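The values are calculated or read from the model by the stated rules, or taken from the named source; none is laboratory data. Quick caveat: nothing in here was measured; it's all calculated off a predicted structure. Neighbour counts run over all protein chains shown; Cβ positions are idealised from the backbone, glycine included. In case anyone asks, the SASA skips ligands and DNA or RNA and just uses the protein heavy atoms, side chains included. Shrake-Rupley method; radii C 1.70, N 1.55, O 1.52, S 1.80 Å.
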Amino acid sequence: MFFALTDDQRDFGAAVRDFLAGKFDLEAVRAVVEDPDGDGHPAALWQAMGEQGWLAALVPEEYDGLGLGMVDAQVIARELGAGVAPGPWRGTVLAAEAIRLAGSKSQQQQWLPKLAAGEVVGALALRGSDSGADGWPAVEYAESADLIVATDSFGLRLLRSVEVHTRRLDSFDGTTRLATVTLADGVGEPLPGGTGRVRDELAARTAVLIAADLVGAAREALTRTVAYDRERKQFGVPVGSFQAIKHTLADLHVGVTMAEHAVLYAAHVLDSGGSDPGLDEAAALAVAVAKAKASDTAALVTAAMIQYHGGIGYTWEHEAHFFYKRAKRLAGTGGTADDQRERIAELTIG
């Protein structure tokens, strides 16, 4: 069986890529990075995400969405990673997924069309081992969110911005904005279907979209590095012709390709899980492999991007640090590679 993206999925990815190249290139990204006090949420980019259906990918058609699957969503995530694009796309998509999977009919009717259109900014706060009793340590775009779906000791709660307190956190990755989130007991609106199985599925979907962002950044970093090393000359020949460089770049290409396939397969497995939320062991294993491979590969490739650009790669003026810092942050988000390998070991050898 030949497993690959469909023509429509490839076209969708190309549309995202072309928009970013033409309307929100790396100079626009730099403007966000160099404005650390800003909200990191460019209005023009957000408007395009709503108008072009990027936010609506996973929302059912009955709620004005596209009714697509995780394979399609990871296509978008991969292109946003390649463009190191800022903004609360992932948090909004995942908040909608939480409401789709766990919300009541009235909650779905109230919020899913607004999230799909970009009328409401969402965030997802999944409690991790480093979460406090009443809060979450580093939530993406929590300050910009109109709606936060958060885990608590009972399940999932839907929180409006007026019901939470956020505090901006410094981040070495200027392509995002992070904040702590705290709330008082009893605030918010429970999502009635927020079972442990649903929370596990949300965590898996989060990991796959993060992994897709990582492989997108890795592929773009490698492409830019290969292009540069074909042009940069030393001793009268391109530096990319030297064995030490070209063999390493070839190895990195293999690694990125394997990571891309791992992410694509994990998304496919989640799409094939049926109508009942929750993960079986095969899906959990696919997600863990994808996140581990994407985290390791992106870290290696973006570090090589800096090194193989020579002296210019180490400067602030070059874009290499955008890719490296994004990869470094996301590699530790949604479970580190070591966390995922522990999970793989549990699932395969007990």
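Overall, the chain carries a charge dipole of about 740 debye about its Cα centre when +1 sits on the Cβ of Lys and Arg and -1 on the Cβ of Asp and Glu, all other atoms neutral.
Would you mind working out the accessible area per residue for the stretch 107-239, using a 1.4 Å probe, and quoting it in Å²? Write down the numbers at each step before the final one.
Working: 5800 Å² over 133 residues.
Roughly 44 Å² per residue, with all protein chains present.
Each part gets one Cα centre, and for the stretch 205-260 versus the stretch 293-322 those centres are 10 Å apart. Restricting the stretch 226-334 to chymotrypsin sites (Phe, Trp or Tyr not before Pro) that sit in a DSSP loop and have at most 16 other Cβ atoms within 10 Å of their own Cβ leaves Phe235, Phe242, Trp316. Projecting the Cα atoms of Ala44, Ala282, Pro60 onto the charge dipole of the chain (Cβ charges, centred on the Cα centre) puts Ala282 farthest toward the positive pole.
Give a quick list of GluC sites (Glu not before Pro) in the stretch 245-350 that DSSP marks as loop, anything other than H, G, I, E or B, with at most 16 other Cβ atoms within 10 Å.
Values: sites: Glu260, Glu281, Glu317, Glu319, Glu342, Glu346; in loops: Glu317, Glu319.
Answer in residue order: Glu317.
Looking at the chain alone, DSSP beta bridges between its own residues are antiparallel in about 85 percent of cases.
The share of accessible area on the chain that comes from carbon and sulfur is 52 percent, using a 1.4 angstrom probe. Most fluctuating residue of Ala227, Ala331, Ala286 in a GNM of the chain with Cα springs under 10 Å: which is it? Judging by the Gaussian network model, the answer is Ala227. For the pair the stretch 324-340 and the stretch 58-134, the centres of their Cα atoms are 20 angstrom apart. Within the full protein context, the accessible area of Phe24 is estimated at about 20 Å² for a probe radius of 1.4 Å.
Here Met49 sits with roughly 0 square angstrom of accessible surface, probe radius 1.4 Å. The amide H of Leu169, built 1.01 Å from its N in the peptide plane, has Leu178, Ala179, Thr180 as neighbours under 5 Å, considering only residues 5 or more places off or on other chains. In the assembled protein chains, Asp11 presents an accessible area of approximately 100 Å² (probe radius 1.4 Å).
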